[in-house]
Structures are given as structure tokens and as C-alpha cells.
Amino acid sequence: MKINPLLVGLFLISPVFILLISYPGFSVVDSSEVFQVFKFTFHQALVSSLLATVFGALAGLSLSSIFDSKKYSFVESLYYAPSFVPVLFVVFSCLNIGNLWQISFKGFWGIVVIHVLINVGLVGALYSKILIHRLSLMNRLSLVQGLGVWRYLRKIVFAHTKKDLLFLFAVVFIFCFTSFSIPLIIGGVNSTTIELLIYEKLVVLGEVEQALSLALLQLLFLVFFLGLINFTQAKEKAITTSWNPFFKNKIFLLVPIFSFIVLFVGLWLSASFSLGWFTELALLPTLIKSLGLALFCGYSIFLFFQFIFSILPHSTFEFFMSVYSSPSTVLIGLALVVVSSVWWQGRWLVLLFGYVLLYVPVLFKMFVQNFLSSLKPALKVSRAMSANYWLRFKMITFPLSYSLCLFLGFLTAIWVLGDYALASLLLEADSTIALVAKNLLRSYRLDQASFVITIIIFCEFIIYLLYKGLAYVGGQKY
Amino acid sequence: MSVVKNINYKVGNFELNIPRFEIVNKGITLLVGESGSGKSTLVDLLVGFRSCREMSWQWNELNYSDLSIEEKQIGLVLQGGFVFPHLTFKECVSFAATARKRKESEWGPELNNYLQALHLQPSILKQKSSKLSGGERQRLALICAFIGQPKFLLLDEPFSALDHENKERSVKLLNNFTEVHGVPALVITHNQSSSLKVSSRIEISHGKLV
């Protein structure tokens with residue numbers, strides 16, 4: 001069975017084709033307006049990603065020095081937590097803390113601080129894996145040879161991981177560059193990003209051609225940017241997995257743990273709980289629909305990545321995925337609106353496709369590219385053994401990729417549960433639990449908003465337990 | 001005799017340029033060369049992991065290079081003895097045999113013979129291959145290459161992780177396999193054992209035949 005992986009690539013960029021067919025005209029946007037917005041977007045993304053990378057790298061050094069695997073897993077979860085929870089929750093917590101201590105989370109620095117809070121732990125966790133997997137032997141050798149800390153950091157860590165740091169910087173940069181929810185809530189008048197401008201042109205002003213021009217400009221910039229980064233990415237394989245005995249300083253663990261504490265203290269500060277709101281807001285049917293959508297999206301991503309792995313290796317497709325960034329959320333949303341206008345009853349299914357289109361590129365960059373270096377030798381050898389497609393999938397691809405695909409499905413499920421950006425473009429208000437929370441925030445019903453956000457966090461915890469259960473079962477079998 | 005022609009492959013600053021070389025139809029062809037001379041790249045090209053459009057591999061009136069990787073039915077041992085880390089010893093062997101549509105009733109007794117010949121205990125069959133030592137992995141890779149009844153053997157440093165005694169046992173097994181089954185083998189090694197029955201020898205240096 002031969003399926004060209006480039007068809008997957010075509011599927012991922014299908015929103016662009018849908019919109020080019022539906023709106024064949026391009027409209028030029030005022031260049032000074034675009035320049036100002038682009039400058040602001042670039043500036044906040046650059047500062048956010050620089051800070052997140054620097055502090056994240058230090059946090060990663062500290063994490064990699066934890067010897068006990070259970071402690072490591074626990075701390076790693078704290079690192080990941082801020083990037084996994086809904087953006088709405090992050091913004092809400094920061095605003096609460098800001099209110100308490102008279103700190104303003106508005107404008108440029110507000111956006112930067114929140115971006116850093118979300119991403120510093122993620123960078124730390126990913127960087128720690130790189131330090132452990134690739135530098136394991138060098139760490140031990142450095143310790144035995146009595147290398148000083150600064151020399152170790154310069155000659156070993158930085159020298160061998162600068163391409164990885166660049167890659168992590170690029171991943172955070174893209175997240176910050178295409179950020180929509182954070183600038184929308186806390187940006188302010190002079191803090192318009194390209195994504196917000198696209199949204200404004202499309203939803204508020206109805207200027208579809210201008211929105212499309214901006215979205216394509218944004219996409220081209222990101223592809224160019226990622227193309228530059230891709231040529232510098234390290235291609236070394238993982239050697240072994242072992243903790244880092246050299247860097248004993250655990251102080252930088254505080255960096256992402258601090259962001260974890262900030263977020264949850266922020267929620268706790270305004271946490272209100274009244275079971276009566278559950279019925280007042282008629283949350284049960286909305287919650288069931290949202291959970292169903294989240295779990296179904298998670299399952300779809302699980303299957304989609306299994307499918308991708310089964311048709312790899314393919315160097316052109318892998319290159320495409322390394323340079324391709326999903327189009328603007330708003331552009332995907334508009335394409336979904338076009339499709340669902342033809343098939344209104346299937347708009348929830350269309351929304352599911354939208355989430356796949358939105359999350360697959362970023363998940364591929366963050367977690368899959370490194371995994372492929374361990375999957376490819378197994379696939380090569382199995383092909384040399386004349387194993388057919390199904391035997392390879394059953395015995396090699398599925399068992400080796402099960403836990404990663406499960407993790408990607410879990411991530412997608414919690415992101416979908418907390419998303420309102422894409423859902424708001426396609427569904428009616430209050431169709432999902434995240435839309436309910438967003439609308440409550442906008443109407444300043446903060447107590448009820450905090451209650452609904454707490455429900456979202458609780459549901460995400462349930463999804464986490466489900467994920468852990470499935471991971472345990474899979475771990476026993478594979 | 002199988003004839004390989006027109007290998008012209010460039011990766012980075014390195015170029016593999018071999019106009020023609022021959023592999024004996026019966027017996028072992030030895031491929032030697034210093035580190036970085038292009039031996040493993042040549043193996044990749046022969047298997048089909050890398051492609052070179054001009055390359056042709058004529059064998060038994062077939063253009064072997066036109067066949068897909070699966071159709072070539074090669075018994076392959078990669079440098080370092082790669083095996084599937086998530087499978088047990090027996091599952092790896094079973095996979096290699098099942099891929100070539102062999103039933104356990106056929107390969108089961110063969111496996112026992114290989115275990116005996118390579119001085120491996122039957123208890124190793126239940127061990128996960130990720131827990132095996134380097135030498136055990138290499139012997140497992142060798143067994144997986146043999147069990148699939150290949151038409152051609154390509155062995156890249158198949159004895160590098162073995163001590164002297166295990167190496168001699170593996171060499172004896174390889175000699176026996178090629179003689180009994182009439183399967184040609186291309187063996188890459190730095191350190192040739194005196195007991196390896198070599199029918200032909202090829203030397204590469206800096207991407208070219210010497």
C-alpha cells in the first residue's frame with residue numbers, strides 16, 4: 001500500500017486552497033498599518049521567545065540533574081503544566097494576581113510576561129531531554145575531568161546544543177507570533193498583532209480579501225523563518241538516556257515552578273464555587289459536547305499520527321513539516337465557515353478537521369521530529385526484511401509510536417477543551433465550555449468565569465487520568 | 001557473479017564514485033576500507049535506503065537495483081547490530097521469519113540450531129532486545145538475517161562487538177550458511193578473521209575503489 005505523504009501535506013494546506021477558490025481576489029492592505037502591526041508582532045514574539053529560551057534553558061539544566069526518575073517525572077509535569085492549560089486560564093490567573101498586587105498585565109510587557117510564563121517550562125522540559133539524551137556521556141566525562149561550571153556550559157552545553165536552542169527559540173517564536181487569545185484580551189489599543197488584524201478585517205469589518213492577503217503574508221513569513229531555522233537544526237542522534245551528574249544546581253527549577261504557582265494562585269484567588277451556577281448556566285449539555293469534541297479530537301490526532309508514521313520515512317514530507325506552520329487560526333476558521341456553509345449539520349465534524357489542521361504542524365515540530373530519528377532505523381531494517389505494510393505497522397510502527405501518539409492525543413484533547421478561538425468562528429456562542437468562560441469574562445461575570453474555568457481544569461485532570469491509564473495499559477503491552 | 005556499475009553518490013563533501021565492481025555468486029566477498037571510506041554508504045545504496053539513479057546491479061539476468069527494498073530479499077546486518085528494541089529475542093526472529101512468510105514449524109528448529117552454534121542459551125529468547133548486550137544483539141541480528149532465507153547477505157561489521165571465541169563461532173556459521181544455501185554475501189569488516197572463507201576482496205578508499 002503506497003500512499004504519498006505529500007497528500008497529507010496537501011490536506012494540511014487545504015484551508016489556503018479553499019479560500020483562494022472561494023475568494024479569488026487579493027486586496028492590498030495599507031502598508032503603513034501592516035508594517036506597524038508586523039513590527040509589534042515580531043517585537044513581542046522575539047522578546048518573549050528570547051526570554052523563554054534563556055530561562056527555559058537554565059531550568060532545563062536543573063531538571064536534567066534530577067536523578068530519581070519519579071521526582072523527574074513529577075517536576076517535568078509542573079514544567080509542562082502552564083503550556084498545557086487553556087490560555088484563558090493563564091490570562092485570567094495573571095489578571096487576578098495583577099489586581100491583587102497592582103501589577104498591570106496590559107500591552108507589550110503584559111503579552112511578553114504571559115508568553116514567557118506559558119513557554120518557559122515547556123522549553124525547560126524539552127531542553128532537559130536533549131541534555132540527557134545527547135550529552136549524557138559528555139556530562140560524565142566533564143565531571144570526571146574536573147571541568148569548571150562556566151567552561152562546561154560554554155564548551156559542552158552551549159557548543160553542542162546551540163542548534164537545539166535555536167530550534168526551541170523558533171518553536172516559541174511561532175507560538176508567540178501567531179498568538180491570538182492573549183493579545184485579544186490584554187493587548188490594548190496599540191498592541192495589535194497580525195492575527196488580531198486578520199480577525200478584525202475578517203470578523204469585524206468583513207474585508208475577506210484583505211484578511212486573506214494578510215494571512216498569506218503571515219504564512220509566507222513563517223515558512224521562510226522556519227526554512228532558515230531548519231537548515232541549522234542539529235541532526236545528531238540520541239546516544240543514551242541518563243541524568244546529568246555535572247550540573248548540580250537546582251535553583252533554576254524555581255523558574256517554571258514559579259510560573260506554575262503564579263497560575264494556580266491566580267485562579268485560587270478568585271475561585272468561586274457555587275453548584276447552583278452549574279444549573280443556572282446550563283453547563284451539563286455544553287460540558288458533555290465539549291468533552292466529546294475534545295476526546296474525539298484527541299483520538300483523531302492519535303490515529304492521524306499513526307497514519308503519518310506508517311507512511312514514513314519520506315524526506316520531502318519531513319522537510320515540508322519542518323518548515324510548514326499552520327495558517328492563522330482565523331484563516332482556518334474562515335475556511336471551515338466556507339465548508340460548513342455547504343454542510344451546516346456537520347459543522348462539529350468540520351471543527352474537528354480544523355483542530356487537526358491547527359495542531360498537527362506544531363505537534364510535529366515539538367515532539368515528532370526527534371522521535372523519527374529512533375523510528376527510522378527500525379522501519380528501514382523491517383523493510384529490508386521484506387515486511388509488508390501491515391506487518392510493519394502492527395509490529396513496529398504502532399508499538400514504537402503508541403506512547404507518543406497517546407501523548408499527542410492527550411495534549412490535543414486538553415487544548416481543544418480550552419479553545420475558544422477556532423470554536424467562536426464556527427459555532428454559536430456558549431456552544432462549548434471554553435466559549436461560555438470567554439463570554440462570562442467579556443461580560444465581567446468574573447466569579448462565574450472562574451467557576452467555569454475551574455470546571456475546565458477539572459475536566460482536563462480527568463482527561464489526564466484517562467491518558468495515564470491508557471499509557472499504563474500500553475506500557476504493559478508494548 | 002553479480003555486477004554493480006555506475007555508483008556516483010554525493011552527500012555533503014563526500015563523494016562515492018565506483019564505476020564497477022563484482023560480487024561473487026557463491027561465497028563471501030569482503031569489502032574493506034578505512035573509516036569514512038564509504039562502505040556503509042555503499043551498503044545503503046545496494047539495499048535501496050539511498051538512491052542513485054545511474055546505479056545498476058545486474059544479477060541472474062535481473063536488474064536488481066530496479067527491485068524495491070522488500071523485493072530484493074536481502075539478509076541485512078547493520079553496523080552495531082540494530083534490532084527492534086521493543087521486541088524480545090524470539091519476537092525479533094519471528095518478525096524476520098514472518099516477513100518472508102515462513103511458519104514457526106519451519107524456522108523453530110533452525111533457530112535452535114543457530115542458538116547452539118552461537119553459544120546462546122534458550123532463556124535468551126524471552127529477553128527484550130533492548131536489554132541484550134552488544135554482542136548478543138549482534139548475534140541476534142545475524143540470526144534474523146539468516147532466518148529469512150535471503151537471496152543475498154549484506155553484513156556491515158557483523159562481528160565488531162564479539163569476543164574472539166564468539167566471533168569464530170559466528171564466522172563458522174556464516175561460512176556454513178553461504179556454502180549450504182548457496183547465498184552470496186558481501187561482508188564489511190575492519191578486522192578480518194583468518195577463518196572467514198573469502199572468495200573475493202574489494203577495497204575502498206576515500207569513496208573510490210583501490
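The values are calculated or read from the model by the stated rules, or taken from the named source; none is laboratory data. Values in this document were obtained by computation on a predicted structure and should not be read as measured data. Every residue, glycine among them, receives a Cβ derived from its backbone with ideal geometry; neighbour counts consider all protein chains shown. These accessible areas exclude ligands, DNA and RNA; they are computed on the full protein's heavy atoms, side chains included. Shrake-Rupley method; radii C 1.70, N 1.55, O 1.52, S 1.80 Å.
See the values below:
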read-out	value
Residue-averaged [θ]222 nm for the protein assembly as shown, counting only DSSP H segments that reach four residues, each worth -39500 (n - 2.57)	-20000 deg cm²/dmol
Of B:LYS72/B:LYS172; A:LYS289/A:LYS376; A:LYS162/A:LYS438, those spanning more than 31 Å from alpha-carbon to alpha-carbon	A:LYS289/A:LYS376; A:LYS162/A:LYS438
Residue-level accessible surface for B:HIS164, protein heavy atoms, 1.4 Å, Å²	130 Å²
Cα Rg over Rh - the stretch A:86-209, Kirkwood	1.15
Test item: B:86-97 mean partner chain Cβ contacts at 10 Å	3
Relative contact order (percent, whole number), chain A, Cα cutoff 8 Å, 6+ residue spacing	24 percent
Kyte-Doolittle mean at least 0.5 and Cα axial length at least 27 Å: DSSP H helices in chain A	A:31-64, A:107-144, A:159-177, A:208-230, A:283-310, A:398-418, A:446-477
Largest to smallest accessible area among A:GLU195, B:GLU168 [probe 1.4 Å]	B:GLU168, A:GLU195
Over the stretch B:95-179 - Rg/Rh using Cα atoms and the Kirkwood inverse-distance radius	0.93
Principal axis dimensions, largest first and in whole angstrom, of the stretch B:1-54 by Cα	35, 26, 19
Calculated FRET efficiency for the pair B:GLU179/A:ILE251, C-beta based, R₀ 51 Å, to 0.05	0.20
Accessible area per residue, Å², the protein assembly as shown with all protein chains present, probe 1.4 Å	44 Å²
Chain-alone versus full-assembly comparison, the stretch B:70-85, residues with accessible loss of at least 50 Å² (1.4 Å probe)	B:GLU70, B:PHE82, B:PHE84
Long-range Cα-Cα pairs in the stretch A:273-478 (distance over 24 Å), rounded percent	49 percent
Alpha carbon centroid spacing (whole Å) that separates the stretch A:345-393 from the stretch A:415-478	25 Å
Average other protein chain Cβ within 10 Å of Cβ, residues A:370-382	3
Solvent-accessible surface (1.4 angstrom probe) belonging to A:VAL157, in square angstrom, nearest 10	10 Å²
Exposed-loop-free span, longest in chain A, where trypsin sites (Lys or Arg not before Pro) count as exposed if DSSP calls them loop and at most 12 other C-beta atoms lie within 10 Å	A:3-234
Fraction of accessible area attributable to carbon and sulfur, chain B (%, probe 1.4 Å)	45 percent
For the stretch A:1-139, alpha-carbon Rg relative to the globular expectation (2.2 N^0.38 Å, N residues)	1.45
Interface burial for B against A (accessible surface, 1.4 Å probe, total of both chains, Å², rounded to 100)	1800 Å²
With Cα atoms, 0 to 90° folded angle of helix B:164-181 axis to chain B main axis	70 degrees
Dimensionless Rg over Rh [the stretch A:28-270; C-alpha; Kirkwood]	1.03
Equivalent-ellipsoid semi-axes of the stretch A:345-466, from the Cα gyration tensor, Å, largest first	39, 15, 12
Degrees separating the helix B:134-147 axis from the principal Cα axis of chain B, which is the longest one	80 degrees
Potential extension, B:ASN17-B:LYS101 segment - 0.36 nm per residue separation minus Cα distance	26.5 nm
Directionally averaged shadow of chain A, computed from the convex hull of its alpha-carbon atoms, nm²	23.7 nm²
Spread of Cα-to-Cα distances over 5 Å intervals beginning at zero, given as percent, for the stretch A:283-369	3, 13, 19, 21, 20, 14, 7, 2, 1, 0
The stretch B:129-150 versus the stretch B:92-106: alpha-carbon centroid distance in Å	14 Å
Low-density loop positions, GluC sites (Glu not before Pro), the stretch B:46-91 - DSSP coil, at most 11 other Cβ in 10 Å	B:GLU54, B:GLU61
Stokes-Einstein diffusion coefficient of chain B, Kirkwood radius over Cα pairs, 4 °C, 1.567 mPa s, in µm²/s	74 µm²/s
Sequence of A:TYR464, A:TYR472 from largest to smallest accessible area, 1.4 Å probe	A:TYR472, A:TYR464
Of all accessible heavy-atom area on the stretch A:273-478, the percent that carbon and sulfur account for (1.4 Å)	68 percent
Out-of-range pairs (alpha-carbon distance over 27 Å; input A:LYS477/B:LYS131; A:LYS70/A:LYS163; A:LYS380/B:LYS101; A:LYS155/B:LYS208)	A:LYS70/A:LYS163; A:LYS155/B:LYS208
Restricting the stretch A:66-102 to chymotrypsin sites (Phe, Trp or Tyr not before Pro) in coil, as DSSP defines it, with at most 13 other Cβ within 10 Å	A:PHE67, A:TRP101
The stretch B:1-77: trypsin sites (Lys or Arg not before Pro) falling in loop per DSSP and having at most 10 other Cβ within 10 Å	B:ARG53
The stretch A:28-270 - percent of accessible surface contributed by carbon and sulfur, probe 1.4 Å	70 percent
